[in-house]
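In what follows, a structure is listed as structure tokens, so that the remarks can point back to it.
The numbers here are math on the coordinates, done by the rules we state, and not lab data. It should be emphasised that the depicted structure is a prediction, and the values quoted were computed from it without experimental measurement. Here the Cβ positions follow ideal geometry from the backbone for every residue, glycine too, while neighbour counts run over all protein chains shown.
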Amino acid sequence: MKLHELRPAKGATHKDKRIGRGDGSGHGGTSTKGTKGGQSRTGYKRKMAHEGGQMPIQRRIPKRGFNNVHRVEYKVLNVGQVEQLADKYGINEFSLENLYTNKLIGQNDKVKILGNGELKKKFTFKVNAVSAKAKAAIESAGGSVEIVK
């Protein structure tokens, strides 16, 4: 076999469809776009969610509720859970870094301590928010609370 005898495998290549090059090409006239209307025109772009004149679904379904853009979502940690977590993960300081390294929260999560349960040991907390009941329970057990922004 010589270099000039090399050919692509049978069926590996095909001729390109040459649109708009006259009737002899088989794709002349309307260039395979049909006749008239926006879709045959240049620059046509189909609108998102267009349903052919039928009322679109986002307009058929009624509006409900209200989304507050200023809402702050917290990961909640109850005072009753603190001692169990401290024993399981061996931590005395509940800071955002400690909770993240132990995979209890995500990197951008905010943490709030709530007062459900009892606390017997002394712990320090460096979190984003604390309820009044939780703060009283932590301080009565000899612990401390620092609010981090």
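To the nearest ten degrees, helix 79-89 and the longest principal axis of the Cα atoms of the chain are 80 degrees apart. Take each peptide in 35-46, 131-142, count the other Cβ atoms within 10 Å of every residue, and average; sorted highest first, the result is 131-142, 35-46.
Shown in residue order for segment 135-149 are the 3J(HN,Hα) couplings computed by the Karplus curve 6.51 cos²θ - 1.76 cosθ + 1.60 at θ = phi - 60°: 4, 5, 5, 5, 6, 5, 7, x, x, 9, 10, 10, 8, 10, 8 Hz (x for Gly and Pro). Amide hydrogen proximity for residue 130: with H placed 1.01 Å from N in the peptide plane, the residues at 5 or more positions away or on another chain lying under 5 Å are 113. Quick note on segment 74-147: its Rg to Rh ratio, both from C-alpha atoms and Rh being the Kirkwood radius, is 0.91. Relative to one another, the C-alpha centroids of segment 39-76 and segment 82-143 are positioned 41 Å apart.
In sequence order, segment 111-127 has phi-based couplings of 10, 10, 9, 10, x, 7, x, 10, 10, 10, 9, 8, 9, 10, 10, 10, 10 Hz under the Karplus curve 6.51 cos²θ - 1.76 cosθ + 1.60, θ = phi - 60°, and Gly or Pro positions carry x.
Packing-based ranking of 75-82, 118-125 yields 75-82, 118-125, ordered from highest to lowest mean Cβ neighbour count within 10 Å. Taking amide H positions as modeled 1.01 Å from N, with prolines and chain starts lacking one, no residue 5 or more places away or on another chain lies under 5 Å from residue 119. Going from the residue with the fewest nearby Cβ atoms within 10 Å to the one with the most, 30, 13 rank 13, 30. Projecting the Cα atoms of 22, 32, 79 onto the charge dipole of the chain (Cβ charges, centred on the Cα centre) puts 22 farthest toward the positive pole.
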